1. Of all residues being basic (Lys, Arg) and within 21 Å of Trp221 (Cβ to Cβ) in segment 237-274, which is surrounded by the most Cβ atoms within 10 Å (Cβ to Cβ)? Just the residue, please.
2. Can you find a residue in segment 41-50 that is free of Cβ contacts under 8 Å to residues at least 60 places away in the same chain and crowded, with 18+ Cβ neighbours inside 10 Å?
3. Under the condition of being part of a helix (DSSP H, G or I) and out of contact with any helix residue (DSSP H, G or I) (no Cβ under 8 Å at 6 or more places or on another chain), which residue from segment 1-21 is modelled with the highest pLDDT?
4. Is there any pair linking a residue in segment 154-180 that is under 28 Å from Ser205 (Cβ atoms) and surrounded by fewer than 18 Cβ atoms within 10 Å (Cβ to Cβ) to one that is among the aliphatic types (A, V, I, L, M) and modelled with pLDDT of 95 or more, with Cβ under 6 Å and at least six apart or on different chains, and which?
5. Can you go through Val152, Val98 and tell me which one is under 15 Å from Ala41 (Cα atoms), β-branched (Val, Ile, Thr) and part of a helix (DSSP H, G or I)?
6. Restricting attention to segment 101-110, which residues are assigned to a helix (DSSP H, G or I) and either over 21 Å from Val203 (Cβ atoms) or free of Cβ contacts under 8 Å to residues at least 24 places away in the same chain (or both)?
7. Of all residues being in a helix (DSSP H, G or I) and not charged (D, E, K, R) in segment 155-169, which is farthest from Gln218 (Cα to Cα)? Just the residue, please.
8. Give Phe60, Phe78, Phe93, Phe74 a once-over and let me know the one that is surrounded by fewer than 24 Cβ atoms within 10 Å (Cβ to Cβ), touching a helix residue (DSSP H, G or I) at 6+ places or on another chain (Cβ under 8 Å) and free of Cβ contacts under 8 Å to residues at least 12 places away in the same chain.
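The values are calculated or read from the model by the stated rules, or taken from the named source; none is laboratory data. Keep in mind that this is a model prediction, so the values were computed, not measured. Virtual Cβ from ideal backbone geometry, glycine too; neighbours counted across all protein chains shown.
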Amino acid sequence: MMGGYVEGIIAILCINLIFAYGIYLTAASGQLNLGGAGFQAIGAYVAGVCSNYFELPIVFSVLGGILGAGLIGFLISFPVLRTRGVYMVLATFAFALVISGIILNSEFLGGATGMVVPAYAPVEVLIFSTFIIILIVFWLMASRVGLAMRAVHDDDVVSEIMGVNVKGIQVFAFTLGGALAGLSGALYAHHYSFIEAQYFNAVLSIFVLLYVLIGGTQTAWGPLFGASFFTLVPEILRLGDTEWRYVIFGILIVLMMIFRPQGVVTRTFVHRASKIFYRTAER
């Protein structure tokens, strides 16, 4: 049996990991998505509505959250992908603000008071879901689709010349990324049994993007490191001087951005680590 504190940390780590992989998929295909909180909110509230008003089992309400966020991701990908660089960041950020505004002004969704979600998902469900998502993302990035995503990320013009369907890959990544963010929101809703629009704010979108950028967008190991670092390190620092833990945490982030601007876990890093592992295993 896990203690309440440890269980709480594991739960938020699982949610953050799934969320990070949703944003990673768009980043891995050359898109910076600052609307993550909007997709997570859609997943959470669709699951909440399915559970509250239609009394559906958790499996179906979570599936509804995935499909709802994925569908919205597909629909908005077309106008968003017409923009580039900072304009894409602003467009996705505006999307998250629109979703938050809709929820806050909707009595059906509970408005500013939030919504109670009756069906409870234990931490074991979150752990299992996270494990499956990690396996799927690693498999995807090792497939031909993942290779095409990396090619588009590195140079979309050359990729198109070489026959890659750049627009199709980007739409696919945006849709699947939205669906995974929706899954994290649905699991959040069912685990904590309460959701409110104020949680799905701009800071959340920024943090999850930092998970991906600091971890690295070159491999699927990046979000795993980034989400784990941002979730666990503040809790580890809590064991020491609590007054300075955020200062220390901020310094660590700045140092990583200075010395590893391409992300901590790169393809070269993974290749070297694999060589060391195999050499050690052979001894």
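1. It comes out as Arg260.
2. Yes: segment 41-50 contains one or more residues that are free of Cβ contacts under 8 Å to residues at least 60 places away in the same chain and crowded, with 18+ Cβ neighbours inside 10 Å.
3. So, considering only residues that are part of a helix (DSSP H, G or I) and out of contact with any helix residue (DSSP H, G or I) (no Cβ under 8 Å at 6 or more places or on another chain), the one modelled with the highest pLDDT is Gly8.
4. Here the result reads none, with nothing in segment 154-180 linked to a residue that is among the aliphatic types (A, V, I, L, M) and modelled with pLDDT of 95 or more.
5. Step by step, each of Val152, Val98 is checked, and only Val98 is under 15 Å from Ala41 (Cα atoms), β-branched (Val, Ile, Thr) and part of a helix (DSSP H, G or I).
6. Hits for segment 101-110 are Gly101, Ile102.
7. If we take residues in segment 155-169 being in a helix (DSSP H, G or I) and not charged (D, E, K, R), then Ile161 is farthest from Gln218 (Cα to Cα).
8. None of the other options fit; the residue is Phe60.
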